[in-house]
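Q: Submitted below is the structure of interest, expressed as structure tokens.
Quick note: the coordinates plus some simple rules give every number you see, no bench work behind them. The structure displayed is predicted, hence computed values, not measured ones. Methodologically, a virtual Cβ is constructed for each residue, glycine included, from the backbone with ideal geometry; neighbour enumeration extends over all protein chains shown.
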Amino acid sequence: MNFDDLNISDEIKKAIGDMGFAKLTPIQQKAIPQALKGKDITGQAQTGSGKTIAFAVPILERIFIPDRSPQAIVLCPTRELCMQVASEISKVGGNIKKLKVLAVYGGQPIGKQTRVLKKGVHIVVGTPGRVIDHIERGNLDLIGVESVVLDEADEMLEMGFREDIERILSDVPRQRQTLLFSATIPLDVRRIAEKYQNNPEFIRISNKKKNIPKIAQYAFRCDIKDKFNSLIRLIEAYDVNRALIFCNTKKSVDFVYKHLKKYDFKLDSLHGDMTQQTRDKVMNKFRNGNINILVATDVAARGLDIANVDMIINYDVPQNTDDYIHRIGRTARAGSTGFAFTLVSKDELSRFNNIKKENPGKIVEKDLPTLQEISSIKTKKILSDAKSLIDGSDIEDYIRIIKDESEYDGLELAAALLKMMREK
């Protein structure tokens, strides 16, 4: 199905076309027509499946621009996701004149958000805690809200937002549309759906068909004491442009970050104990290419759309298949391909086998590259870059310089220069 096939406004169709989208993703194809009819929806789909547009389109279709009070509220687990979702909704509604979308979250001065709310907004995207804060200060009145979205519902509940979510849903008029999206549907999510939705349409998009076929997945057995050296081998063997290294704990992140720094990589770290300001700064550095390796806990695994991540390395085996899929879903975005590597020590074997069993034929076990193979890979990379230079640049001046060194053969000089590059 194409977006042109939908019964939606021309302004939205044009905006989506300008964003480069023509065909609907599976979650969009199943959710948008039902949501346009006003039905409640419980959608199970992973990050990167296109669910933001799946709820943005029906929300925007219902917005009445002359009414400057909030008509829709979207709840997200993290500040980063709030910013992304608000940005995406603004793009989809980019041709709707005078549309106001506001992201509200902690870590930003509340005064600025208050001033914008007082002027009037149509759609509020927020973390549950900051939304409650604005409600209690009298800045946010939900009496006119017609649409509520719970995005990454399982993550919000895991982070302890259940009480805040229930408080917000209780404050919103009962005559509303409630759209719930979640990567997994555990018991807590089902209870929220049963309590606050009205005969919802349940939509499930298999999380194993969306991104994984584009990702080359490899696992490497290693001794726990050799794990860091194994990590170095992988980084050296595969030419890293932008990589995410996932660890299970803050302590593990700190260890990997500290020791990788000794190798002069451009890197930084991210975990939940950092202030929101620090996390934003690190994420911006990674997005902008100022660093090319980010060592992180799962705080970075959900909801973050980072372009051009070509490698995911699980330094620690994830706790379960869902976490594994969320992690490796950070690569192979927008039709590109990527690598996902997992280092497996003996005490992680049980977890790894469970994950592998649920991804039959997807994860290939390989031996770590030998030092000799790494040396050969590095040499081939230098020669490949040199060949590209020959094909794409004017090197006549340099050829003359080599010729002037008549006491040496050109082949000998090339070999010496290669040796210098390899051993520097």
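Q: Using a cut-off of 11 Å between beta-carbons, work out the net charge of the residues near residue 42 (Lys and Arg +1, Asp and Glu -1, residue 42 not included).
A: 0
Q: For the chain, what is the Kirkwood estimate of the hydrodynamic radius, computed as the reciprocal of the mean inverse distance between distinct Cα atoms, to one decimal in Å?
A: Over the chain, the inverse of the mean reciprocal pair distance is 23.9 Å.
Q: Just the Kirkwood number for the range 44-138, please: inverse of mean 1/r across all distinct Cα pairs, in Å, one decimal.
A: 13.6 Å
Q: Please identify every one of the trypsin sites (Lys or Arg not before Pro) in the range 76-105 that sits in a loop by DSSP and has no more than 15 other beta carbons within 10 Å of its own beta carbon.
A: Those that pass, being in a loop and sparsely packed, are 97, 98.
Q: I'd like the FRET efficiency for residue 278 and residue 225, computed as 1/(1 + (r/R0)^6) with the beta carbon distance as r and R0 of 35 Å, rounded to 0.05.
A: 0.65
Q: Please list, ordered by chain and number, the residues whose modelled amide H lies under 5 Å from the amide H of residue 269; skip anything fewer than 5 residues away on the same chain.
A: 295
Q: Looking only at Cα atoms, what is the convex hull volume of the range 213-306 per residue, in Å³?
A: Convex hull volume per residue, Cα atoms: 119 Å³.
Q: Treating only the Cα positions of the range 3-204 as identical point scatterers, give the base-10 log of I(q)/I(0) from the Debye formula at each q in 0.11, 0.15, 0.16 Å⁻¹.
A: The calculated log intensity ratios at q = 0.11, 0.15, 0.16 Å⁻¹ are -0.45, -0.87, -1.00.
Q: Also, quick follow-up: Give the average over all directions of the projected area of the C-alpha convex hull of the range 97-141, one decimal, in nm².
A: Hull-based average projected area comes out at 2.9 nm².
Q: Anything over 26 Å Cα to Cα? Flag those among 13/98; 214/250; 30/91; 214/261; 251/285; 91/118, in the order listed.
A: 214/250; 214/261, as the Cα separations exceed 26 Å there.
Q: Two decimals is fine: what's Rg over Rh for the range 212-369, C-alpha atoms, Kirkwood radius as Rh?
A: Result: Rg/Rh = 0.93.
Q: Does the range 1-43 come out rounded, prolate or oblate by the C-alpha gyration tensor, with a ≥ b ≥ c the root eigenvalues, rounded set by a/c under 1.5 and, if not, prolate when a/b is larger than b/c and oblate if not?
A: Because a/c hits 1.5 or more and a/b exceeds b/c, the range 1-43 counts as prolate.
Q: Give the dimensionless ratio obtained when the Cα radius of gyration of the range 86-169 is divided by 2.2 N^0.38 Å.
A: 1.10
Q: If you don't mind, there's one more thing I want to ask. Taking the alpha-carbon distance from residue 346 and a cut-off under 18 Å, which lysines remain once sequence neighbours fewer than 8 residues away in the same chain are dropped?
A: Counting by Cα, and skipping residues close in sequence, residue 346 has these lysines nearby: 225, 227, 356, 357, 366.
Q: In the range 7-110, what chymotrypsin sites (Phe, Trp or Tyr not before Pro) fall in a loop by DSSP, with at most 12 other Cβ atoms inside 10 Å?
A: Within the range 7-110, the qualifying chymotrypsin sites (Phe, Trp or Tyr not before Pro) (loop, at most 12 other Cβ atoms within 10 Å) are 64.
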